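*Asks:* If you scroll down you'll find the structure; I have some questions about it.
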Amino acid sequence: MPHAVVMTGYGPPDVLKWAEVALPRPGEGRIRIRVRAAGVGPTDLDIRAGRLRFPLPTDPVLGYEVAGVVDAVGPGVSGTRVGDEVAAVLFERGGYAEYAVASIWTHKPESVSWADAAALPSSVEAAAGVLRQLRVESGETLLLLGGGGSVGVIATQLAVARGVKVISAVGARDDQFAVELGASPVRYGPGLVDAVRALGTVDAVFDAAGKGALADAVELAGGPRRVITLSDHAAPGLGVVLSVPTADRAPGALDEGMAMLAAGRLRMKGRRTMPMREAAEAHRLLESGEVRERIILTVG
């Protein structure tokens, strides 16, 4: 039987266990992927720790993005065959596994590594999706909270390519990287509002970090109308939209992102790989702050 990293309940990293699971079957419009690599994202940590709670299915498996080889094709699928190499975003989770089922995927060029392919889907979907929801246009100024994170790095490049001025709130270690991506870095903290205003008027705010700066974001944007967060649960109290992944949030983003990555036109946050069996240790390392890179879990 295949294996997966099963979440046995909400709690510390050791609730994640390597266990046998049933082989998933692809339904209408879906494919089954023999996973080679899976990304670990901040939402995975929030769910496991219980900061995001919902009724758990039997043998719940975390992971919103994978790369691997198509193992089976469901009814209604065209243009993809068994044996194709793909990367996929999983809106219903399930990536920490030897096999995953996906409804949205893109083909992986040979020049793109498994680790890079697995690090792309969720981040590019979120980056493109929120920029689309904010309707940022050339000539406008975007404040990006969390510009040094996986989503923020990609969002910066997509926005700059559209002619948008980006002010990026980052930690000191990411200042130079933000500049290289075309953004103007500022620091979090009590001086954030003044530092941003010194650089100009903000038209929209993309909070990719959820570090509690939403009140400042609303002030800088002149209200909550063009402020969107991915993870700050203070959003409803401030009238801010909390954006969640959906199949129609960023249509085509994964195809576009993979093409840019293959062409060398897209940079991503640094990555390190770990065996999928060590998912619990990966969560511990990320929560402790011992690693700053994205962690990609690998199989085989």
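*Asks:* Of Gln176, Val227, Thr156, whose Cα points farthest to the positive end of the dipole of segment 124-242 (charges on the beta-carbon: +1 Lys, Arg; -1 Asp, Glu; origin at the Cα centre)?
*Replies:* Val227
*Asks:* Can you give me the distance in nm between label points at Leu56 and Asp248, each placed 7 Å from the Cα along the Cα-to-Cβ direction?
*Replies:* 3.3 nm
*Asks:* I would also like to ask the following. If contacts are Cα pairs under 8 angstrom and at least 6 residues apart, what is the relative contact order of segment 124-242 in percent?
*Replies:* 24 percent
*Asks:* Given only helices, namely DSSP H runs of n ≥ 4 each adding -39500 (n - 2.57), what is the per-residue ellipticity at 222 nm of the chain, to the nearest 500 deg cm²/dmol?
*Replies:* -7500 deg cm²/dmol
*Asks:* Take Val124, Val89, Val241 and order them by how many other Cβ atoms sit within 10 Å, fewest up front. Could the numbers behind the result be given before it?
*Replies:* Values: Val124 31, Val89 26, Val241 16.
Starting with the residue having the fewest Cβ neighbours, the order is Val241, Val89, Val124.
*Asks:* Apply the Debye scattering formula to segment 143-241, with a single equal point scatterer on each alpha-carbon and no solvent, then give log10 I(q)/I(0) at q = 0.10, 0.16, 0.19 Å⁻¹.
*Replies:* Log10 of I(q)/I(0), two decimals: -0.22, -0.57, -0.83.
*Asks:* Run the dipole for segment 108-209 about the Cα centre, Lys and Arg Cβ at +1, Asp and Glu Cβ at -1, nothing else charged, and hand back the magnitude in debye, nearest 20.
*Replies:* Around 120 debye, computed over segment 108-209.
*Asks:* Then there is this: How do Val202, Val77, Val179 rank when sorted from fewest to most other Cβ atoms within 10 Å of their own Cβ?
*Replies:* Least to most surrounded, the residues fall as Val179, Val77, Val202.
*Asks:* Ok, one more. For labels at Arg25 and Ser288 in the simple 7 Å Cα→Cβ model, what's the distance in nm?
*Replies:* So the label points at Arg25 and Ser288 sit 4.3 nm apart.
*Asks:* Considering only Cα-Cα distances, which of the following residue pairs are longer than 26 Å: Lys17/Lys108; Lys108/Lys269; Lys17/Lys211; Lys165/Lys211?
*Replies:* Over 26 Å Cα-Cα: Lys17/Lys108; Lys17/Lys211.
Read the figures in this text as sums done on the coordinates, not as results from a lab. All figures in this text were calculated on a predicted structure; none of them were measured in a lab. FYI the Cβ positions are ideal-geometry reconstructions off the backbone, even for glycines, and counts take in every protein chain you see.
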